[in-house]
Amino acid sequence: MGLRNHVPIPVLDATQFQIQCHSFHFLFSLQVATSELKRTLKPQLSHRYFSDHVSRCSQLHQVVGLWNKFIYLIVALLNSEVSECVARMARGRADGSPRKRLVTIMLVFVTIGGLIYLYSQNSSESSAVNKSLKQFSWKGDGVNDESSSGTSVVPKTIPVCDDRLSELIPCLDRNLIYQTRLKLDLNLMEHYERHCPMPERRYNCLIPPPPGYKIPIKWPKSRDQVWKANIPHTHLATEKSDQNWMVVKGEKIVFPGGGTHFHHGADKYIASIANMLNFPDNNINNRGRLRNVFDVGCGVASFGGYLLSSDVIAMSLAPNDVHENQIQFALERGIPAYLGVLGTKRLPYPSRSFELAHCSRCRIDWLQRDGILLLELDRLLRPGGYFAYSSPEAYAQDEEDKRIWKEMSALVERMCWKIAAKKNQTVIWVKPLTNDCYLRREPDTRPPLCKSNDDPDAVWGVNMEACITRYSDQMHKARGSGLAPWPARLTTPPPRLADFNYSADFFNKDMEVWQQRVNDYWTMLGNKIKPDTIRNVMDMKAKLGSFAAALKDKDVWVMNVVPENGPNTLKIIYDRGLLGTVHNWCEAFSTYPRTYDLLHASTIFSDIIEKECSPEDLLIEMDRILRPKGFIIVHDKRSVVLAIKKFLPALHWEKVAISGEDDDAILIIQKKIWLTSESIRVSE
């Protein structure tokens, strides 16, 4: 479904947006503002609540409405005159012209100073009002009148970003790295790790879709084809043409199922791995014992896509690197995937989460820094877990590959891994079931065991360590993870539930509650959805993963997100055979725009307000990652739900249904389809 007939939305280019929302930044860059002006302006540029964003935009718009043309003249004057004036003065010219220009500029600054003074007087009064409105709008208790908002100012529109930002990932933005001149070690892949913008550098605007954007093809057809207009990058089709990654066919990009190491199809390659491990019927799921897979350097995630038919789910990981938009292709196809890199920080997954890790020519130097990256894989693997490694080092006979293979074999031996199978171009190692091998090693063997006070499940912003994570006493005695086979695993209380002092009864009641809630959600959605409407789902505060478990009969997958500052229940989610990640919702999520069909936000806004982060920034972030025509389910306090409802027109969202009261209100929202006027011109 194309968007040609939809109403265009005007777009602010970068210059206009900077002038309207940060009119005074040029004073700082030219170093002509006084310290008093800095003191006055700083609060205006640092508040993150939308009421203060309104101070920056709506209130500035009131002032700019009076002297907008005057500002444009000033900017033009500065652009054309200041540099010339300063240059001439630096060259020592004394023709009088620079002095005249300087006098003119000084008069301009005096005028601006007067306007700023008047504005600051108004701002000081309105900021107090905004503070109380912020508390009223987001923290009010028992607000029952949907139309009441006191005198709070809600923007009628939110600016639309420039079309060049249609694929913006705020915390993985290479332009930000260049602009802020971060000193990063490229050899350690730090430039592919998360680096979030400071509040004053955030884009408070809506990300537009690319020209010609269409509603994505539905699953399961999407596994094999996507619209080219939605991800207009064909570099990989050319670069990997001999490997069957993807092929451009008219308006579509087709995925034959090939990869760097499996040109003839991922399905045959997966069956060969199962055969090497002597799994029954060459089925990779091993009768439900193998469920969670970690695919590092996944390409366009065909390996993970073809695992799904075997009831195996993979977390496909790749960085936002020179292989253009590979994770974006994966998510557009409806395959679970996440933007990340094996660099310096632990991956945002708990220990002992996967039965199989996979690297097919992933071009990772596993020997660097005392094997720290391989030890990170070891942390993620369950007792008896496998690492399938398809790479020239496993079979090539040139001297360099033989050297790497020798050193890598010695490293994994010291890590107590053993070769489970080796055939053709693939080797599969297996991790021990207990701590016995670790305890038998010679003293001072490297890599060492991690310190006893190291928490292997602490991952958010935590540096990797070149050490081996030993098993808990419970796992050591059980000689494994003690998990039920899939699908019973989804509803069986896992052993690590005891880490939180949660009982099996609590676990079962949680499932019952969420099954009923999901039934209520789908009733409220009504005829808005069909069986194939939703594929990519995110639970923004997943707790024990019971929301995802309640969707087991629907053809969807769920990214379960656990906030970084709460109980780290993500290991329970993985033990149920589900996927997820840790995240701080004060920051942008590591995904491309337009990648999820449904966002479930249960009490996440109340949490954000409690942390004194901006709920309005979160609304803009949710708009970024939600597909056009996608849905949001907000389950929160009624006052919060009503506050969100007031922003729907500005976000181009529409209410589908609302119900409940007090602390148990539900708002279901659908994102509208829109294109910028610039996008329409390009698509035509």
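We did not get these values from a lab; they are worked out from the coordinates using the rules stated. Note that this is a predicted model, so its numbers are computed, not measured. So basically every Cβ, Gly included, is an ideal-geometry build from the backbone, and we count neighbours across all protein chains shown.
Here is how the numbers come out for the structure above:
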| read-out | value |
| --- | --- |
| In nm, spacing of pseudo-spin labels at Thr344 and Lys646 (7 Å Cα→C-beta vector) | 4.3 |
| Distance between segment 498-518 and segment 606-654 - C-alpha centres, whole angstrom | 27 |
| Burial ordering of Val427, Val254, fewest other beta-carbon atoms within 10 Å first | Val254, Val427 |
| Set of aspartates and glutamates near Lys431 by C-alpha distance (under 12 Å), chain-local residues within fewer than 8 positions excluded | Glu355, Asp378, Glu413 |
| Segment 264-487, relative contact order in percent, only Cα pairs under 8 angstrom and at least six apart counted | 19 |
| Spacing of the two label points (7 Å from each Cα toward its C-beta) at Thr533 and Thr180, in nm | 3.9 |
| Centroid-to-centroid separation of segment 522-587 and segment 280-311 [C-alpha atoms, Å] | 20 |
| Contour excess over end-to-end distance, with Cα ends at Phe500 and Gln515 and 0.36 nm allotted per residue | 3.2 nm |
| Loop sites in segment 491-557: chymotrypsin sites (Phe, Trp or Tyr not before Pro), DSSP, at most 14 other Cβ within 10 Å | none |
| Base-10 log of normalised Debye intensity for segment 264-487 (one unit scatterer per alpha-carbon) at q = 0.11, 0.12, 0.13, 0.18 Å⁻¹ | -0.53, -0.64, -0.76, -1.55 |
| Alpha-carbon centroids, segment 345-382 and segment 455-487: separation in whole Å | 13 |
| Net length gained if the chain between Asn463 and His233 were fully extended (0.36 nm per residue, minus Cα distance) | 79.4 nm |
| Cross-link pairs Lys156/Lys611; Lys218/Lys528; Lys554/Lys645; Lys221/Lys249 - those with Cα-Cα distance over 18 Å | Lys156/Lys611; Lys554/Lys645 |
